[in-house]
Amino acid sequence: MTISVTEEFALSEEERALLPTDEEVERYARDGWYLTRKLFTDEEVDELTAASERFYAGERSRALPVRPPRLAYWEPADGPVQRHNDYIHYESDGIARILRKPILGAVAARLARAAEIRIFQSTLIYKPPIAGEPSNLVPWHFDRHYWQSCSSEDMLTAFIPFHDCGVEMGTITMVDGSHRWEEIGADDSTTRHFAERDNNDLERMLERNAAYNHAEVRKVPMLIPKGHMSFHHCRTYHGSGANVSGRPRRAISFHLQPGANEYRAFHLTNGDVVTYNHDVLVRRTDDGRPDYADPEFCPVLWRNA
């Protein structure tokens, strides 16, 4: 079943005032991250919370037709760990309706300097208020490592909290300007998700790459008011700390792709081809490749007139 998307990609005068300025677009290109103005109303954010609770209670608008091999999918039996649930834009219409708000795609298009923005992936996240929970610590990484099957170097992610989000909640933290570093030390292991790797190895990789680029590791926590969100470039190092607030940290990690992005075969040193979860779900192009423009799983969020 194809999820319908907004047919008219139009903004009101009030929404146009929320777009990044030319100066802010240049700053994103320099820093690798951007904090938005208030894009969602309090009511919309509250509905994200309510819809997520319905999801955790078992409500689904539809289920994935097959279970991809590396799906992040918390279930109650997993206990009080940090929860990740991929494809939330597919399985929950209540959440998808708000994520498809045109202003979000328009902001992404400005930052990526793209004529079109499509969904690539979305993950519902719940970080429990347990200061010592190991899963609450997200080590330093950048998303491009996991998207080697993508042709675009300009993919980006919106981090969308459902409340005011600061350091005490373990907000997302960026390494300033790291998307412009020349990378060293990359090997087949970097295509593995950070949950499958040693945190200390990832910390050392960050330090080695900073040293190679004669750069300071400047960590910038995103202080995000309710209704606002952060964006970061697919090569920006980021992570997050413990939630010591006493309240759960609720958010969506919303991964976005420019319209030109498409599947490319990426080979590991042993000859194996890197796969992404989409590859068992999406339709095929005429030449047999996974179609990352499949509107069922990767609908268009914004298209310039």
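Taken together, the values in this text are just the output of simple stated rules run on the coordinates, not laboratory data. Remember, predicted model here, so these are calculated numbers, not experimental data. As a convention, Cβ positions derive from the backbone with ideal geometry for all residues, glycine included, and neighbour counts pool all protein chains shown.
Counted residue by residue at 0.36 nm each, then reduced by the alpha carbon distance between them, the extension gain from GLU43 to TYR56 reaches 2.7 nm. By the Kirkwood approach, averaging reciprocal distances over each pair of separate Cα atoms, the stretch 52-171 gets a hydrodynamic radius of 16.4 Å. Residues LYS219, LYS38 in ascending order of nearby Cβ atoms (within 10 Å, fewest first): LYS38, LYS219. For the stretch 96-177, a crude dipole built from +1 on the beta carbon of Lys and Arg and -1 on the beta carbon of Asp and Glu, taken about the Cα centre, is about 420 debye to the nearest 20.
What longest range of the chain stays clear of loop-exposed GluC sites (Glu not before Pro) (DSSP non-H/G/I/E/B, at most 16 other C-beta within 10 angstrom)? Longest stretch, sites excluded: 60-152. For the stretch 231-305, trypsin sites (Lys or Arg not before Pro) meeting the loop criterion (DSSP other than H, G, I, E, B) and having at most 14 other Cβ atoms within 10 Å: ARG264, ARG283.
Taking 0.36 nm per residue of separation and subtracting the current Cα-Cα distance, fully stretching the chain between ARG30 and ALA215 would add 65.3 nm. Neighbour counting of Cβ atoms within 10 Å sorts the residues ASP272, ASP154, fewest neighbours leading, into ASP272, ASP154.
Put a plus charge on the Cβ of each Lys and Arg, a minus charge on the Cβ of each Asp and Glu, and nothing anywhere else: the dipole of the chain about its Cα centre is then about 220 debye. Gyration tensor over the Cα atoms of the stretch 1-87: the corresponding equivalent ellipsoid has semi-axes (square roots of 5 times the eigenvalues, largest first) of 32, 19, 16 Å.
Summed over qualifying helices (DSSP H, 4 residues or more, each -39500 (n - 2.57)) and divided by its residue number, the chain shows a 222 nm mean residue ellipticity of -6000 deg cm²/dmol.
Net charge dipole, the stretch 108-257: roughly 560 debye, given to the nearest 20, about the Cα centre with Cβ charges of +1 for Lys and Arg and -1 for Asp and Glu. Summary value for the chain: 31 percent relative contact order, contacts being C-alpha pairs under 8 angstrom separated by 6+ residues. Fewest-first ordering of LEU11, LEU35 by other beta carbons within 10 Å of each residue's beta carbon gives LEU11, LEU35.
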